[in-house]
Amino acid sequence: MKPQAGAEHASSFQGQPCIDLFLPGGDRARIALQGAQLLSWVTGDGRERLYLSPQASLDGVSPIRGGVPLRFPQFNQRVIGSCALPKHGFARTLPWAVRDIAQAKQGAQATFTLTSDARTLALWPNAFSAVCTVELEPDRLCINFGVRNTSDAIWPFAVALHTYLRVDDIGRTDLEGLKGVPYWDAVLHPGEPDARTKDIAESLRFASEIDRVYTRPRTPLMLKHFGGWLQIEQSPSLPDVVVWNPGAVRCAALPDMPADGFKHMLCVEAARIQTPQILLPGDTWRGWQSFRALPRPAPAAAASPL
Ligand code: TA6
């Protein structure tokens, strides 16, 4: 008898408590309670679709290198309301609570919550309640993030779903859908987020470090590499796409990445950075990023000789 879609508490992954979701067709996902951070997404064909560094720190307090860290309430060190905020905010390092684990229409989902407390208020003086739901369906994954302003003051925030996608070889990877979309190149113009350029090539290729923030792509993105194609979509409430790969030199300086780690990952992040979101008291904001695995088309048959 086929197993039913379901979820179970994995005992732990390298000592960290996690929730595992699984489907009868073999799709599965693992989410750490630290940061409600997805660590793994395997599709029915047995392929791992996310990159988790084999040198990631899983000590329960350091940021975990790989999977899908949630960055909230600030991106990088672009200060939102408080200088005490750590780089990329606190959501990725704090423990989240499991709210529920359920069978969904076509799959399984797990929901996690994070609520402001003395630790967060010491870093950022705003009361909030955040929720993250991971939905797993056959060959599809969706990450939903929501935040409610539970204070009586208005505040701004930035957010990013910092997805590390696994690729076979970054030198033979294409990302389509960004042609003509304005971007800030943080490698060429650090500290100048208003500097804008546009790509003219049909697809983006990767030969060295890249760190860009694209604004308002109009179509779904398509990641193409030998290991499979992924269609990537995000909610209009997340208008920015960050594309990041550290390249060989910067990667070698990251203590939680192997020297060749950059070859096997590409971050394609759904974000709200350039224009922070303003949240009124009592209001809720939501955003999502989703991925659909598509079969890699068979190579065109060689033309037969006349
Ligand atoms: O999203 C791109 C980025 O902000 C880069 O500038 C780079 O710093 C990267 O994230 C990783 O940041 P982290 O703090 O996780 O090492």
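Worth pointing out:
- Any chance I80 is under 21 Å from D20 (Cβ atoms), outside any strand (DSSP E or B) and among the β-branched types (V, I, T): no
- When region 160-172 is limited to residues that are over 18 Å from the mean Cα position of the chain (by Cα) and not acidic (D, E), the one that is surrounded by the most Cβ atoms within 10 Å (Cβ to Cβ) turns out to be R172.
- Residue list for region 44-66, filter: touching a Gly at 6+ places or on another chain (Cβ under 8 Å) and among the hydroxyl-bearing types (S, T, Y): Y51, S53
- Flag if A270 is surrounded by 13 or more Cβ atoms within 10 Å (Cβ to Cβ), of a type in the set (A, V, I, L, M) and within 15 Å of V159 (Cβ to Cβ): yes
- Across region 155-185, the number of residues qualifying as among the small types (G, A, S) and over 17 Å from F206 (Cβ atoms) comes to 3.
- Only one of the numbered conditions (1) away from the ligand (no atom under 13 Å from the Cβ); (2) loosely packed, with under 15 Cβ neighbours inside 10 Å is not met by P86, and that is (1).
- Where A293 falls short, out of the listed (1) of a type in the set (G, A, S); (2) out of contact with any Asp or Glu (no Cβ under 9 Å at 6 or more places or on another chain); (3) part of a strand (DSSP E or B): (2)
- In this structure, G177 qualifies as among the small types (G, A, S), at pLDDT 95 or above and either more than 12 Å from the ligand (Cβ to nearest atom) or closer than 21 Å to F157 by Cβ (or both).
- Only one of the listed residues (A293, A298) is without any contact (Cβ under 8 Å) to a residue 12 or more places away in the chain and within 22 Å of D45 (Cα to Cα). That residue is A298.
- Yes/no for R78 being charged (D, E, K, R), within 15 Å of the ligand (Cβ to nearest atom) and on the phi < 0 side of the Ramachandran plot: yes
- Residue among P54, P69 that is within 15 Å of the ligand (Cβ to nearest atom) and either buried (at least 23 other Cβ atoms within 10 Å of the Cβ) or not polar (S, T, N, Q) (or both): P69
- Candidates are the residues of region 1-55 that are of a type in the set (S, T, N, Q) and over 18 Å from the mean Cα position of the chain (by Cα); the one that is modelled with the highest pLDDT is Q55.
- Pairs meeting the criteria (first residue in region 258-276 and closer than 18 Å to G81 by Cβ, second residue acidic (D, E), beta carbons under 9 Å, at least 6 apart or on different chains) are A271/D240; R272/D240; I273/D240; Q274/D194; Q274/D240; T275/D240.
- Residue ID - surrounded by the fewest Cβ atoms within 10 Å (Cβ to Cβ), chosen from residues in region 180-222 that are aliphatic (A, V, I, L, M) and more than 16 Å from the ligand (Cβ to nearest atom): I200
- Residue match in region 111-119 (condition: free of Cβ contacts under 8 Å to residues at least 24 places away in the same chain and either on the phi > 0 side of the Ramachandran plot or not in a strand (DSSP E or B) (or both)): yes
The values are calculated or read from the model by the stated rules, or taken from the named source; none is laboratory data. On a predicted model such as this, the values are computed, not experimentally measured, just so you know. Using ideal geometry, Cβ is built from the backbone for each residue, glycine included, and neighbour counts are taken over all protein chains shown.
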